[in-house]
Each structure stands twice: as structure tokens, then as C-alpha cells.
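To keep things clear, I will list the structure first and then write my remarks on it.
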Amino acid sequence: MNNFSFGNPTRILFGEGQIKAISEEIPADARVMLVYGGGSIKQNGVYDQIIDALGDRIISEFAGVEANPEFTTLCKAAKQAQDDNITYLLAAGGGSVIDGVKFIAAAACFEGDPWQILLKWGKNIQHALPFGSILTLPATGSEMNSGSVVNRSEMKAKLPFGSPLCYPKFSVLDPTTTYTLPVRQLTNGIVDPFTHVMEQYLTYPVGADLQDRLAEAILQSLIETGPKALADPDNYDLRANLMWCATMALNGLIGCGVPQDWSTHMIGHELTALYGLDHAQTLAVVLPANLRIRKADKREKLLQYAERVWHINEGSDDERIEAAIARTEAFFQQVGAPTRLTDYQLGDDAIGAVLSQLKQHQMVKLGERQDVTLEVSAKILEAAR
Ligand code: NZQ
Ligand code: ZN
């Protein structure tokens with residue numbers, strides 16, 4: 001196992017009715033700005049619960065953070081936070097709103113052009129406003145990590161950043177807030193956490209037995225629970241399990257002391273930046289192709305994955321590996337995420353466009369061995385046609 005340093009300061013308030021507990025978490029004298037997206041929180045009662053819990057501590061609101069949050073929108077929100085002397089931010093929504101609030105928290109305290117935060121991957125963040133989150137779409141894990149992804153459409157750039165100052169102080173995970181999710185977002189909430197686990201697990205062995213077993217447990221829970229939750233959308237326990245899986249998939253725990261890949265994500269971000277695919281849709285396209293193209297490098301872990309996650313014990317090594325990748329692909333399709341570029345009306349010209357974006361963003365040495373060059377990314381995209 002590799003050396004690691006692990007700490008996660010985010011308090012999780014889990015379960016039905018927990019929104020009211022935020023009044024204990026946010027200082028009584030805080031000047032709070034509530035940030036949300038296109039209005040789903042007004043339709044499902046989350047907004048009213050927040051107002052009840054915090055009352056006049058909310059000084060201002062910022063609505064309209066987009067899916068794949070936009071840099072210019074977030075800069076306006078940061079300006080509003082400065083103008084209103086805000087001391088605490090509260091995000092209510094999915095990964096985009098929470099990621100957006102991480103950026104607002106940093107940008108509101110940043111000297112100079114906030115685009116630099118993204119160009120420096122967040123390493124130049126010295127101060128950030130404290131913030132909490134109320135998660136309504138379990139998928140990204142943003143509610144318990146310090147990362148964020150911001151989109152700048154006019155540059156066709158979707159760039160990640162992170163900072164230890166960008167962990168939420170607390171996150172409320174109330175599964176009942178997810179009952180109003182459209183099927184497509186429930187699908188995203190299965191595929192994205194699945195891929196987060198794979199990016200940390202499906203690399204090469206370093207003797208990290210517990211991390212492997214935890215990763216396999218999350219994958220198996222998603223495989224078991226995902227289709228059931230789609231078929232039985234009012235079932236609280238299924239929603240609760242999906243929600244906790246999504247958080248555990250990317251809160252740092254399973255990534256301790258292991259090599260990490262993330263090439264599927266970086267290629268996927270370019271597909272979103274160029275063509276507006278949902279984040280998880282891009283992963284469903286890229287992951288199976290990525291595993292196929294790099295199966296020689298990932299051989300030992302693919303065999304372990306085949307046996308322990310899918311219980312595939314018959315056939316040669318190559319056959320078991322291919323069967324495991326095919327099962328992954330079939331699982332994504334089963335939960336409603338098509339796995340080919342052509343399923344999203346993308347042809348060969350998209351491959352060239354993604355490659356030139358990757359080059360422009362210096363995404364030319366990706367993966368756990370930094371050997372996913374543009375040539376390898378090209379093969380992956382070709383295999384995803
Ligand atoms: O804007 P509103 O009206 O709230 O509607 C949203 C949005 O349209 C809707 N929604 C959310 N909760 C709902 C709901 N609709 C009905 N009922 C509810 N309870 O769902 C739509 C999509 O929301 P969004 O937040 O964009 O989805 P998701 O949570 O999948 O977040 C995706 C973003 O997170 C980034 C992605 O790149 C993408 O920008 N990621 C962040 C990561 C992180 N911080 O660690 C890691 C991930 O790999 C990912 O890159
Ligand atoms: Zn993701």
C-alpha cells in the first residue's frame with residue numbers, strides 16, 4: 001500500500017428530516033447566501049425547509065446555477081456574496097450547485113482574475129468562505145470532497161480544481177429529497193459513482209486489500225440497488241443506499257494509498273464541454289472503451305473485478321476480462337445510459353475535436369501511469385464509436 005494522509009472534515013447529517021438540523025451547524029450570527037439551481041428545490045419542498053430552519057439568517061439568495069456550472073454565473077454570485085458581506089454559503093442542489101458554491105467560496109475571497117483558480121487547479125486558493133450543502137441529487141460525491149468542476153462555455157473549457165479549503169463544513173443527505181429526480185438523473189446517480197469507484201480501483205494492485213474490498217462493496221451495492229431503485233422509485237431504503245454509495249465513492253476513503261486513473265473523467269469532461277452531454281453519460285461512453293484499450297495494463301485488477309464483482313469464473317483470462325467489461329457495459333445500458341458515441345449522435349468528427357481539446361488542456365499524460373497519451377485517447381474514443 002502506498003503512503004497516504006487522510007482527513008475529511010465534512011459532517012454528514014443523514015436521513016429524512018435532517019434539513020432542520022442545519023440551524024445547529026451554521027453560526028447564529030452568520031450572514032448566509034443560499035445558492036441553488038433552476039428551481040427544483042422550490043418544487044420539492046427543500047427550499048421551504050431551508051427557510052424554516054434558517055429564517056432571517058439568510059441575507060440573500062442566488063438562483064440559476066446551471067447544470068455544469070458556468071464560470072460567468074459563479075463570478076456574479078461571488079460578487080453578490082462580497083456586496084452583501086456574506087460570511088457563510090449554503091448550497092442546495094446536485095453536484096453542479098455544490099461545485100458552484102465551492103468556486104464562489106474561493107472566488108469571493110480571491111485577489112485577481114478568478115479564472116486563475118482553474119488554471120492553477122485551485123493551488124492558489126488561500127482563503128474561502130465556509131459553506132454547507134443540502135444534497136438533492138446523489139451522484140458526484142461533491143458533498144463530501146474538496147473538488148469541483150467549472151464550465152466556461154465561450155472557451156469550451158470544463159476544468160477541475162480542488163483545495164483543502166473547499167470541503168463543505170456539513171452536508172445534509174435526506175433521501176426523500178431525491179424522490180422528484182427525473183429518471184435520467186437517477187441513472188446519472190448510478191453511473192457516476194460506479195465510475196468514481198472504478199477510477200480508484202481498476203488500476204494495478206498495491207496490496208491495499210481493504211480499499212479493494214470497500215470499492216468492490218460499493219460497486220456491488222450499486223449493481224444491486226440501482227435497478228431496484230429505478231423499478232421502485234418510492235422506496236426510501238433503496239434511495240438511502242444509493243445516496244450513501246455515491247458519497248462513499250468519492251470522499252477520499254477508497255482512494256487512500258492506491259494509484260488512481262481519472263482518464264475516463266478527463267476525456268468525458270471534453271465531451272460535456274463540446275457537446276453538452278451529461279457528465280455521467282460521457283462516463284458510460286468512455287469507461288468500457290477505456291478498459292478494453294488498456295486491458296493489458298489493467299490485467300490483474302480486471303481479473304479481480306471479474307471474479308469478485310461479477311462472479312465470472314469460467315473461461316480463459318482474456319475471456320473473463322472481456323466478459324467483465326461487457327457486463328459493465330450492459331449494466332450501464334440496463335440503468336438507462338447508452339454506451340456509444342453514436343447513441344448521442346456523435347460521429348468521427350467528435351473524436352478529432354475531443355483530442356484537440358485534450359491537447360489544449362494539457363491532458364496528454366493521463367491515467368495511473370501517466371501513459372494515456374493523445375494516441376491512447378484516440379484509440380479509446382475510436383473504440384467508443
Ligand atoms: O438546477 P435544478 O433545478 O436544481 O435541477 C437539477 C439539474 O437540472 C436537477 N435536480 C437536482 N436535484 C433534483 C433535480 N431535479 C429534481 N429533483 C431533485 N431532487 O438535476 C439536474 C442536474 O443537476 P447537476 O447538479 O448538474 O447533476 P450532478 O449532480 O450529476 O452534477 C454534475 C456536475 O458535477 C461535476 C460534473 O462534472 C458536473 O459538472 N462533478 C463533480 C465532481 C466533484 N465535485 O467531485 C466529481 C464528478 O466526477 C463530476 O465531475
Ligand atoms: Zn464523475
query: Here are some conditions: (1) surrounded by fewer than 19 Cβ atoms within 10 Å (Cβ to Cβ); (2) over 17 Å from residue 201 (Cβ atoms). Residue 284 meets all but one. Which one does it not meet?
result: (1)
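Modelled with pLDDT under 95 and over 24 Å from residue 174 (Cα atoms): is that true of residue 106 in this structure? Don't jump to the end; show me each part of the working.
Values: modelled with pLDDT under 95: no; over 24 Å from residue 174 (Cα atoms): yes.
Considered against the rule, which asks whether it is modelled with pLDDT under 95 and over 24 Å from residue 174 (Cα atoms), residue 106 comes out as no.
From 223, 218, grab the single residue that is out of contact with any strand residue (DSSP E or B) (no Cβ under 6 Å at 6 or more places or on another chain) and either among the aromatic types (Phe, Trp, Tyr) or touching a residue at least 40 places away in the same chain (Cβ under 8 Å) (or both).
Values: 218 fails: either among the aromatic types (Phe, Trp, Tyr) or touching a residue at least 40 places away in the same chain (Cβ under 8 Å) (or both).
Criteria check complete, one pass: 223.
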field: Selected residue (criterion: nearest to ligand 1 (Cβ to nearest atom)) from residues of the range 9-53 that are in contact with a Leu (Cβ under 8 Å, 6 or more places away or on another chain) and of a type in the set (S, T, N, Q)
entry: 18
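Has the range 112-125 got any residue that is of a type outside the set (Val, Ile, Thr), closer than 17 Å to residue 47 by Cα and free of Cβ contacts under 8 Å to residues at least 60 places away in the same chain? Break it down stepwise before answering.
Pass one, the range 112-125, residues of a type outside the set (Val, Ile, Thr): 112-116, 118-124.
Adding the requirement that they be closer than 17 Å to residue 47 by Cα leaves none.
Checked against the condition, which is being of a type outside the set (Val, Ile, Thr), closer than 17 Å to residue 47 by Cα and free of Cβ contacts under 8 Å to residues at least 60 places away in the same chain, the range 112-125 yields no hits at all.
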- prompt: How many of the residues making up the range 231-269 are without any contact (Cβ under 8 Å) to a residue 60 or more places away in the chain, outside any helix (DSSP H, G or I) and either of a type in the set (Gly, Ala, Ser) or in contact with a strand residue (DSSP E or B) (Cβ under 6 Å, 6 or more places away or on another chain) (or both)?
  reply: 1
task: Inspect all residues belonging to the range 290-305 and state whether any of them is within 14 Å of ligand 1 (Cβ to nearest atom) and either surrounded by fewer than 24 Cβ atoms within 10 Å (Cβ to Cβ) or not β-branched (Val, Ile, Thr) (or both).
output: no
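Condition check ((1) touching a residue at least 40 places away in the same chain (Cβ under 8 Å); (2) more than 16 Å from ligand 2 (Cβ to nearest atom); (3) under 21 Å from residue 159 (Cα atoms)) across all residues:
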site	(1), (2), (3)
271	yes, no, yes
279	yes, no, yes
282	no, no, yes
308	yes, yes, no
314	no, yes, no
322	no, yes, no
345	no, yes, no
task: With the checklist (1) in contact with a Ser or Thr (Cβ under 6 Å, 6 or more places away or on another chain); (2) modelled with pLDDT of 95 or more; (3) over 27 Å from residue 53 (Cβ atoms) in hand, flag the one item residue 215 doesn't pass.
output: (1)
message: Please go through the range 43-71 and give me each residue that is over 29 Å from residue 276 (Cβ atoms), of a type outside the set (A, V, I, L, M, F, W, C) and either in contact with a helix residue (DSSP H, G or I) (Cβ under 7 Å, 6 or more places away or on another chain) or in a helix (DSSP H, G or I) (or both), ordered by number.
response: 48, 49, 52, 55, 56, 57, 60
query: How many residues are of a type outside the set (Gly, Ala, Ser) and within 12 Å of ligand 2 (Cβ to nearest atom) when one looks only at the range 139-157?
result: 3
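One line per residue, one yes/no per condition, for (1) within 16 Å of ligand 2 (Cβ to nearest atom); (2) under 25 Å from residue 246 (Cα atoms); (3) in contact with a Gly (Cβ under 7 Å, 6 or more places away or on another chain); (4) outside the structural domain of residue 53 (by TED's automatic domain parsing):
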position: 120; (1), (2), (3), (4): no, no, no, no
position: 159; (1), (2), (3), (4): yes, yes, no, no
position: 165; (1), (2), (3), (4): no, yes, no, no
position: 174; (1), (2), (3), (4): no, yes, yes, no
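The values are calculated or read from the model by the stated rules, or taken from the named source; none is laboratory data. In this text the structure is predicted, and so the values were computed from the model without any measurement. We place every Cβ from the backbone using ideal geometry, glycine too, and count neighbours over all the protein chains shown.
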